[in-house]
Amino acid sequence: MCGISGLFATANCDAEAGRDFVNEIVASQHSRGPDHQAVELIPAGRSTVILGHNRLSIIDLSAAANQPMWDADRSHCVIFNGEIYNYLEIREDLVSLGHRFGTQSDTEVLLEAFKEWGTSAFERFNGMFAIALYRARDERLWLVRDRFGIKPLYYHLDDSTLIFASTGTVIARRLGLMPDLEYVARGIKMWVYEDDTQISHYRGLKSMLPAHFMEVIAPDPGNPLKARIEPYYNLADRVAELQEKLAVMPIPKLIDEVLERLESAVSLRLRSDVPIGISLSGGLDSTALSSIVSANHSEVVGFTYGSRNEQRSEGPLVGQVQDRLGIEVEYVQPEGSAMVSAFWDCLRSQDSPFAGCSIVAQYLVFKAARARGVKVLIGGQGGDELFMGYHKFQFFRLAELRRQGRLIDALIFALGLCPMVLSEARRASLYAQALRRYRGNKGLPVSLCLPEPTPCSMQYDSNLELVRRQMLDATRLSLPTLLRYEDRNSMGNSVESRLPFMDFRVAELGFALPTAVKLRNGYGKWILRQAMSGRLPESIRSARYKRGFSANEPAWIAAGLGTAIREALRANVRDLQDILPLELQIDTHFSDERLRAYGSTFSEATSLLWLAGRL
């Protein structure tokens, strides 16, 4: 897990200026890789090539595994952010083909795999990754991003220069790129920031498409850089192939398949030469992973936000998991000024707006892990998207049944929802806010002077097969933004976050499973609950409510965060004058009451604080 950066330019590029540029990016990405930093200027004929790397040492801690890494004959070089979890299996295949290795790292396996199979190697990788590969003989560079975009990769390309990095701040500042205000506006309205396009937080800075690679070729003198982008993986095709097989499989076999793939995904993600922990909540996903991890890893430590004795937090439920599994748990619950400090730290790490204090709570969990000396955390991100855990899928399914004319099935399904609706009645106001994001494409109200973003519909089109809507959550409407939060919070604390549900084998299975085993008897994630039978406390396995990452936002605001936000906004009014309406009064609009009551108000505040000084 690291940070990458680099420059690939035509031969007339100022090499020293380019090296300074990449050096500045490396310095800015220190938290992504504090264990080793390097910048290398590679001699070339038709191009200027500079590669930078920040290393967070996880597998093979020796200096031999540092990057940039060359192969034995110095024909290929790689810089790499992420992990290839199945590197041992790929290594065995390569050894049988005659390859030899000088390290125990997954980086060297990646390099040799590319030499053996070219771009077809990428689909063999089970992992999360952003990669830059350089082939010296013909001066070609490849940029690659993992299937679901777990690891970030930004770039700016013109006729003479490609500059890329794991973060965009330095590139934007050096090139004078301004914040993308449509990105900001859509985030406030829909809580959707990242998606399946190349949009980023700065205009002119592109996000590399997940499941794609870019090939850039050094041109002849006087000609522009040549670049092409191609996909190496198609999720929809893989899911369609699997659906036919699963449709005729009995339910007990389907349950076994879910458990088998999930256990395999966890097992691969336990490969590490440093201590491993787990990000633990009171929900089904992380507790299911904890059950599997604790059965295979005797010294795992759980980290959770909350207090074991605070009923409004997830602590009491986590305490039940702790007692059931016999694992150690560290509870994280800051008070007073520590909450305010954490907010600013999180905003710096995110380098983008975000939608609520739960993002800050997540940041604190990673911070606690790092303070404990744990450099890897297993997390449950993705489970709701893969197995229809969000309550909205229940209502989408009801609409689908009605469209299909299956009125009796629709009535039976609706009756099954009654216990869930009753269990969530006390959170009706939250669901009322969420409903505004799922009706039409207007979303939550925006009080700032921002451009109207490109329409982004969150609602369900009943003419669309439900699995297609499910995949849209994973590729456009939900996961991309959540993965950004996860990556920047973890990397801001020099911790690697590993996500077993995002193993492509688990993801393909989750999408391809019949809807009837994901939504059943009034439950979402029914098949995952069945797979965990007898392994978890029943209060969690059979819970009908949907519990998010509970941060107790009102307590944060009352403890001084609201005051700190208003003070910072007043101090930056001049920089924000084109964004703030003349009639808007900061103390009124961003009062503690409004920050607590309206999700869009908090998003507006983080947007303004991020924009201050960048416009």
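The values are calculated or read from the model by the stated rules, or taken from the named source; none is laboratory data. As the structure is a prediction and not an experimental result, all values here were calculated from the model. In this analysis, Cβ positions are derived from the backbone assuming ideal geometry, glycine residues included, and neighbour counts consider all displayed protein chains. Only protein heavy atoms, including side chains, enter the accessible area calculation; ligands, DNA and RNA are left aside. Shrake-Rupley method; radii C 1.70, N 1.55, O 1.52, S 1.80 Å.
Computed from the mean reciprocal separation of all distinct C-alpha pairs, what Kirkwood hydrodynamic radius does segment 531-588 have, in Å?
Working: mean 1/r = 0.0645 Å⁻¹.
Value: 15.5 Å, from the Cα pair sum.
Which whole number of Å³ per residue matches the convex hull of the alpha-carbon atoms in segment 458-615?
Details: hull volume 31.1 nm³, N = 158.
That works out to 197 Å³ per residue.
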Task: Gyration tensor verdict on segment 301-435 (Cα atoms; rounded if a/c is under 1.5, prolate if a/b is larger than b/c, oblate otherwise) - done: prolate
Task: Calculated log10 I(q)/I(0) by the Debye sum over Cα atoms at q = 0.05, 0.06, 0.10, 0.12 Å⁻¹ (choose from (i) -0.38, -0.51, -1.05, -1.25; (ii) -0.22, -0.31, -0.91, -1.33; (iii) -0.28, -0.39, -0.94, -1.26), label - done: (ii)
Task: P(r), alpha carbons of segment 259-365 - 10 Å bins starting at zero, rounded % - done: 14, 39, 32, 14, 0
Task: Coordinate range along principal axes, alpha carbons of segment 469-511, Å, largest first - done: 33, 21, 8
Open item on the list: Just to confirm a number: summing +1 for Lys and Arg and -1 for Asp and Glu over residues other than Q404 whose beta-carbon lies under 13 angstrom from that of Q404, what do you get?
Closed with: +1
- [ ] Determine the shape class of segment 144-214: with a ≥ b ≥ c the square roots of the Cα gyration tensor eigenvalues, call it rounded for a/c under 1.5, and otherwise prolate if a/b is greater than b/c, oblate otherwise.
- [x] oblate
Open item on the list: Using a 1.4 Å probe on the protein heavy atoms only, what accessible surface does Y523 show? Give it in Å² to the nearest 10.
Closed with: 40
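Cα convex hull of segment 51-191: mean projected area in nm², to one decimal?
Working: hull surface 41.6 nm².
Over all viewing directions, segment 51-191 projects a mean Cα-hull area of 10.4 nm².
Assigning unit charges at the beta carbon (Lys, Arg +1; Asp, Glu -1) and nothing else, what dipole magnitude in debye, to the nearest 20, does segment 102-238 show about its Cα centre?
Values: 17 positive and 19 negative charges, 63 e Å.
Roughly 300 debye for segment 102-238.
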Task: Cα-centre dipole for segment 280-371 with unit charges at Cβ (Lys and Arg positive, Asp and Glu negative), debye to 20 - done: 80
TODO: Mind pulling up the Rg/Rh value for segment 1-125? Radius of gyration and Kirkwood radius, both on Cα.
DONE: 0.99
Task: Cα centroid separation, segment 176-191 to segment 318-379 (Å) - done: 26
Open item on the list: Let me understand segment 336-407 better: what is its radius of gyration from the alpha carbons, and its Dmax, in angstrom?
Closed with: 18.9, 57
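Using a 1.4 Å probe and counting only protein heavy atoms, arrange D106, D578 so the residue with the most accessible area comes first. Provide the component values of the computation, followed by the final result.
On the way: D106 10, D578 125 Å².
Order by accessible area, largest first: D578, D106.
Where does segment 238-286 land on Rg(C-alpha)/(2.2 N^0.38 Å)?
On the way: Rg = 15.0 Å, N = 49, 2.2 N^0.38 = 9.7 Å.
For segment 238-286, the normalised Cα radius of gyration is 1.55.
Using the Cβ atoms and a cut-off under 12 Å, what net charge is assigned to the surroundings of P250, where Lys and Arg are +1 and Asp and Glu are -1? It would help to have the intermediate numbers written out before the result.
On the way: positive: K253; negative: D256, E257.
Around P250, the charge tally is -1.
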- [ ] Place +1 on the Cβ of every Lys and Arg and -1 on the Cβ of every Asp and Glu in the chain, take the dipole about the Cα centre, and give the residue among G204, A172, Y193 whose Cα lies farthest towards its positive end.
- [x] Y193
Open item on the list: Which of the three applies to segment 317-359, rounded, prolate or oblate, going by the alpha-carbon gyration tensor with a ≥ b ≥ c and a/c under 1.5 meaning rounded?
Closed with: prolate
Task: Solvent exposure, largest accessible area first (probe 1.4 Å, DNA, RNA and ligands not counted), of R312, R505 - done: R312, R505
TODO: Given a cut-off of 21 Å, name the pairs among K189/K392; K253/K525; K151/K206; K253/K518; K151/K375 whose C-alpha atoms lie farther apart than that in the structure shown.
DONE: none
Task: Farthest toward positive dipole pole in the chain [+1 Lys/Arg, -1 Asp/Glu at C-beta], among G6, I131, P152 - done: P152
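Under 15 Å from the Cβ of H76, count the other residues' Cβ atoms, weight Lys and Arg +1, Asp and Glu -1, and hand me the total. Each step should come with its number before you reach the end.
On the way: positive: R74, R100, K115, R135, R137, R140; negative: E40, D71, D73, E108, E112, E116, D138, E139, E215.
Around H76, the charge tally is -3.
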